[in-house]
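Heads up, the thing below is written out as structure tokens.
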Amino acid sequence: MTTIPSSPSAADLSVERSPSPARLTPDQSVYVAGHRGLAGSAVWRALAGRGFDHLVGATSSEVDLRDREATMDFVSAKRPDVMVVAAARVGGILANDTYPAEFLSDNLRIQVNLMDAAREFGVSRLLFLGSSCIYPKFAEQPIKESSLLTGALEPTNDAYAIAKIAGIMQVQSIRKQYGLPYISAMPTNLYGPGDNFDATNSHVMPALIRRFHEAKQAGVDEVTIWGSGTPRREFLHVDDLASALVFLLENYDSPETINVGTGIDVTIRELAETIADVVGWSGRLRFDTSKPDGTPRKLLDVSRLRGMGWAPSVSLRDGVESTYRWFTGNLNTIRVEDGLVGLPTH
Ligand SMILES: NC(=O)C1=CN([C@@H]2O[C@H](COP(=O)(O)OP(=O)(O)OC[C@H]3O[C@@H](n4cnc5c(N)ncnc54)[C@H](OP(=O)(O)O)[C@@H]3O)[C@@H](O)[C@H]2O)C=CC1
Ligand SMILES: C[C@H]1O[C@H](OP(=O)(O)OP(=O)(O)OC[C@H]2O[C@@H](n3cnc4c(=O)[nH]c(N)nc43)[C@H](O)[C@@H]2O)[C@@H](O)[C@@H](O)C1=O
């Protein structure tokens, strides 16, 4: 188990803090694109908790961000001061592997439309959310931001990764050509309240929370885990993500993307055992190796962000426990595309 690296010296601190960050102030209007999602809803909660009461949001049925005209019209009408780009087509390993055409097309259109509109209609500060899948499949671990584009991508999510890399390039191009302080951040695997708990298209954490819960409810004594259980993943609670993103909006102004994570990873088997223990289920784990493992390891080097003075606060055990409490308290409203055991299909 890797321990979180100690914070570098004060000298390093001066290297990363921007000379004049465009500070966030509660009187500013902030458009959180994707404000109902796992990450977007956490950012919304974090800003609201800091007294931001000019928050702007729209559902995908109100404004389909793949539609350029609708996106331009919305941003032109709202004229936000700040934009957080947390809207995207998102899914786990099987969803990415099954629908690469939509993951590429939808995400390119959403981010291009949003960032073109931001530049055109005077958004003074923007943060684009990428993902740790942008890095090479066999990047040296922990993965530094400088390893971007130094090797082949993981095939199960290369379409999504290319879209995200294009988003980083769009931020850098707007900075270079228009001089706007737009930034991008690369989070590790996220989890927490508001996640997508669909059995097939979700990420591993919500998928297993639901699967162990349903196994406990149904009294079954075996649960299937996809893959071999040997891949390692790093998991950041989404409230820690939101805290990091607000910190970056206030303190970071560089073209280089920046990793956001905990610096600690576990095997999928260890994760499954933790979730089973939290849910209170005991039985046999069966590993279905017909399902893809994906990248063997995806541990981010978070020393730059740590060196700026930010640190996560939610441990994996505490995060799984609080997420499971949220899950059981919101069974009637959680996002699934099929029915939960004992509940009608939404
Ligand atoms: N989940 C994870 O593990 C990780 C996520 N990220 C990144 O964080 C960001 C958010 O991901 P996450 O919160 O997990 O995703 P979610 O699926 O939870 O939320 C995505 C949001 O995007 C909105 N959206 C999707 N398509 C459209 C559209 N066509 N028009 C308008 N809005 C749309 C949805 O709106 P609505 O609800 O109204 O339909 C939803 O609010 C993404 O950029 C993702 O790449 C990065 C690393 C890890
Ligand atoms: C954030 C990141 O998320 C995706 O990459 P990923 O980290 O591989 O995503 P994942 O959470 O779906 O899987 C993690 C591991 O877990 C194993 N696993 C076991 N059992 C289940 C299971 O039941 N569901 C899922 N989804 N995975 C399972 C699974 O086999 C794999 O080895 C990218 O597509 C992209 O979206 C991206 O950027």
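A short reminder: the numbers here are calculations on the coordinates, not readings from a lab. Because the structure is a prediction, the values reported are computed rather than measured. Please note: Cβ atoms are built from the backbone with ideal geometry, for glycine as well, and neighbour counts cover all protein chains shown.
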task: Kindly establish whether VAL223 is in contact with a Phe, Trp or Tyr (Cβ under 7 Å, 6 or more places away or on another chain) and assigned to a strand (DSSP E or B).
output: yes
field: So ALA207, is it away from ligand 1 (no atom under 11 Å from the Cβ), over 16 Å from LEU129 (Cβ atoms) and part of a loop (DSSP other than H, G, I, E, B)
entry: no
query: Can you tell me which residue in the range 77-91 is nearest to the chain's Cα centre (by Cα), limited to those that are within 21 Å of THR25 (Cβ to Cβ) and surrounded by fewer than 23 Cβ atoms within 10 Å (Cβ to Cβ)?
result: ASP81
- line: Considering only helices (runs of 4 or more DSSP H) wholly within the range 92-185, the ones with at least 1 residues that are over 21 Å from SER254 (Cβ atoms), within 15 Å of ligand 1 (Cβ to nearest atom) and over 18 Å from the mean Cα position of the chain (by Cα) are 100-120
